[in-house]
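Here, each number is a calculation from the coordinates, and none is a lab measurement. Note that the structure is predicted; figures quoted are calculated from it, not measured. For neighbour counting, all protein chains shown are included, and Cβ atoms are generated from backbone atoms with ideal geometry for every residue, glycine included.
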Amino acid sequence: MVYSEVNSAVPVVLVYCGPKDEGREREFQVLAEAANYKVLAYLKQYRRASGPFGIGRGKLEELKDLVRKLGAKKVIFYQSLKPAQVYRLEKELGVEVSDRIQLVLEIFARRAGSREAKLQIELARLRYELPLIRERIRLAKLGELPGFHGGGRYDFDAFYRHAVMKMARIRRELSKLRERKRLHRERRARYGYPIVAITGYTCAGKTTLFNALTSETKLVDDKPFATLSTYVRRVNVHGVPVLVMDTIGFIQDLPPFLIDAFYATLEDLVYSTLILLVIDAAENVSEIERKVDTCLDVFAEIGAISKPIVGVLNKIDLVPTHVVDERIRFVKERFPELSEVIAISALRGWGLDVLKQVIAKYIPHFVTAILSIDVKGLQEPVLEQIYRLGHVRRVDECSGVLYLTVEVRYPELGKLLQIPGLRLIHYEFGRVNEASSKWEENCCTTDGS
């Protein structure tokens, strides 16, 4: 397929080699255009990528003709290319060759705003480029004479050492940022705020929903990966303060090293109380299935699959009512991992009241907390206030410190923590009999055993 549009973007030829999948093929072109490339032609081969060039000899000759006739400056492959394949292809075609992973990294680099996002992208880029550099060094040294008449060191050698040192420096800085995020999570935990994380496949309307729930005006873009960092705002849901979090979108066929690079951002999902999985209801059933499968795979990989997950079918203003009902039935039957499925239009505000009711259902209204206060100087009015605000289930005394296990309604927890001398040691959402084994460990710690 050849395109005739003319614009100022970099001219490229796209190559897709793999099973026939219209969703993936279309998404590949959208990614290229989002990275400001002008797609001159789209070469497709529906078979397993293999061989020294990743495509067959016949397709390689066809690709060479396209590059020469159309004046393409770059060729981008859908499948991940091995370093040796990149080297051979560039030698054959005479232009730069890259793959979809590098394309995604380019988009990330364009859209990164926060320091953390920029560091994560740079780390992922270096991890991607390091094997390519190693291969270029190896191929450059083939056939050299050893010893005194050898070629010496190449520029690639110096760049490789520089890249390794830079990766180590970025990891140290990211470690500091992750520690800072951990402290922020602990601070939120002290106030007992439930966290509702909005996530889903890229371009599903996550940021539009975030803006609708929080009355924010965060940038909304119809291009992939408008959000690369976590944004958090506090809202009231049926009288309960909740932290609503907008997170990075997902995309299919991302390599493990890229997920690992963004783990500091994805980790926020693991610590959330509820996950809202936003799904584009305007897409066909096969696309919905492909994208939801991708999201659930990432949840399983990072350890968030056990969280309550509510499927939120967005953009229902773009499809007829009977289609919306069909989509709801399909998602419920196909994905039993989802706790509930509801339909909304974040742009029009349709269904947001129902969504808030669902959020309120999954937010625990009771918190069970272990509190401590020094026995010395303890006044009776203080104990009366504690008993008035919450239900004291257990009292222990150790080394002059009184430990109280208290069940309290969520809105009253803040009032408890304002009592002078009262300290929060640990808390969990829910009542005592709903708590985990970790709760028992904390109880044992408090009585000195």
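Beta bridges from DSSP with both residues in region 193-362: antiparallel share about 30 percent, rounded to the nearest 5.
Sequence-distant contacts, meaning Cα pairs under 8 Å at least 6 residues apart, place the relative contact order of the chain at 10 percent.
Each of Cys295, Cys17, Cys398 was scored by other Cβ atoms within 10 Å of its Cβ. Listed from fewest to most, they are Cys398, Cys17, Cys295. When the C-alpha to C-alpha distance is required to be over 24 Å, the pairs from Lys181/Lys315; Lys64/Lys118; Lys223/Lys291; Lys38/Lys64; Lys44/Lys74; Lys118/Lys181 that qualify are Lys181/Lys315; Lys64/Lys118. Looking at the chain alone, DSSP beta bridges between its own residues are antiparallel in about 45 percent of cases. In summary, the aspartates and glutamates within cross-link reach of Lys206, defined as a Cα separation below 16 angstrom excluding same-chain residues under 8 places away, comprise Glu216, Asp221, Asp222, Asp246, Asp268, Asp280, Glu283, Asp317. When shorter helices are ignored and each DSSP H run of at least 4 residues is given -39500 (n - 2.57), the per-residue value for the chain at 222 nm works out to -15000 deg cm²/dmol.
The P(r) of the chain has a tail past 31 Å containing 54 percent of all C-alpha pairs. Between Arg187 and Lys73, the modelled labels are 4.5 nm apart [label points 7 Å from Cα along Cα→Cβ].
Once the Cβ-Cβ distance of Glu216 and Arg115 is raised to the sixth power relative to R0 = 25 Å, the FRET efficiency obtained is 0.75.
Given R0 = 30 Å, the distance between the Cβ atoms of Lys91 and Met167 translates into a calculated FRET efficiency of 0.60.
Taken along the Cα-to-beta-carbon direction at a fixed 7 Å, the label points for Asn284 and Lys64 span 3.7 nm. Evaluate E = 1/(1 + (r/R0)^6) for Asn236 and Ile419, where r is the Cβ-Cβ distance and R0 equals 22 Å; express this FRET efficiency to the nearest 0.05. Step by step, r from the Cβ atoms, then E = 0.40.
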